Amino acid sequence: PGGWNVTALPDGTIISNNTKFPYLYYEADIPSLLIPKPQEGFVVKGSEVSKTLYDILPKLGLNTKETQEMADYWQKSLPESAYYFIGVIPEKILDSVAPLDINPKPATTIRVALYFEAQENETHTTKPVLAGKTRTGFTAVEWGGILKTNKPFTCLQ
């Protein structure tokens, strides 16, 4: 039910109603139970979130521009906190709660969504093994994340 009807150019430019956009942006309220906290992740000082994103995002398949845009977005969007847990939301969960239907179908689809949770104290967690996809041909890239709160709905951005 919803969505966009746009044209994507090889350089990544998106055209809708004769207007050019560098990307599409959406927010979705999703019941929190559908996006469980990842078992593995990174616990970093609030002041080190951006540095951490610049380290992990390329390993998840984002290029330099995408990494910079995502790191800048979340640096500005996250409230101040002593620490943050940062986890990677598995693609199978994203496909379940926010499916993509792109026509023509991309040769490669990269979906990177991170789970952010503010913490007062440093905790220890197992770090995940990060593996991105190799881009071949027409590639669709989606990046975003959620800021976990105590509300019954989580906003996927």
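The values are calculated or read from the model by the stated rules, or taken from the named source; none is laboratory data. Computed from a predicted model, the values in this text were never measured in an experiment. Methodologically, a virtual Cβ is constructed for each residue, glycine included, from the backbone with ideal geometry; neighbour enumeration extends over all protein chains shown. Note: areas computed on protein heavy atoms with side chains; ligands, DNA, RNA excluded. Shrake-Rupley method; radii C 1.70, N 1.55, O 1.52, S 1.80 Å.
Tabulated data for the structure shown
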read-out: Residue within segment 83-94 that is touching a residue at least 60 places away in the same chain (Cβ under 8 Å) and open to solvent by 40 Å² or more (accessible area, probe 1.4 Å) present; value: no
read-out: Spans of strands (runs of 3 or more DSSP E) in segment 87-157 with at least 2 residues within 17 Å of Leu62 (Cα to Cα); value: 108-119, 139-147
read-out: Residue under evaluation Ala113, criteria (1) out of contact with any strand residue (DSSP E or B) (no Cβ under 7 Å at 6 or more places or on another chain); (2) touching a residue at least 12 places away in the same chain (Cβ under 8 Å); (3) open to solvent by less than 80 Å² (accessible area, probe 1.4 Å); (4) under 22 Å from Gln39 (Cα atoms), criterion not met; value: (1)
read-out: Residue that is farthest from Lys51 (Cα to Cα), among those in segment 66-81 that are open to solvent by less than 20 Å² (accessible area, probe 1.4 Å) and aliphatic (A, V, I, L, M); value: Met70
read-out: Filter result for Gln119 (open to solvent by 70 Å² or more (accessible area, probe 1.4 Å), among the polar types (S, T, N, Q) and over 12 Å from the mean Cα position of the chain (by Cα)); value: no
read-out: Residues of segment 1-26 classified as of a type in the set (D, E, K, R) and assigned to a loop (DSSP other than H, G, I, E, B), total; value: 1
read-out: Residue in segment 69-91 that is among the charged types (D, E, K, R), within 18 Å of Lys133 (Cβ to Cβ) and touching a strand residue (DSSP E or B) at 6+ places or on another chain (Cβ under 8 Å) present; value: yes
read-out: In segment 27-60, the residues that are farther than 25 Å from Ala131 by Cα and touching a Leu at 6+ places or on another chain (Cβ under 9 Å); value: Glu27, Ala28, Asp29, Ile30
read-out: Every residue from segment 27-82 that is in contact with a Ser or Thr (Cβ under 7 Å, 6 or more places away or on another chain), of a type in the set (A, V, I, L, M) and part of a loop (DSSP other than H, G, I, E, B); value: Ile35
read-out: Any chance Asp29 is more than 23 Å from Gly137 (Cβ to Cβ) and among the acidic types (Asp, Glu); value: yes
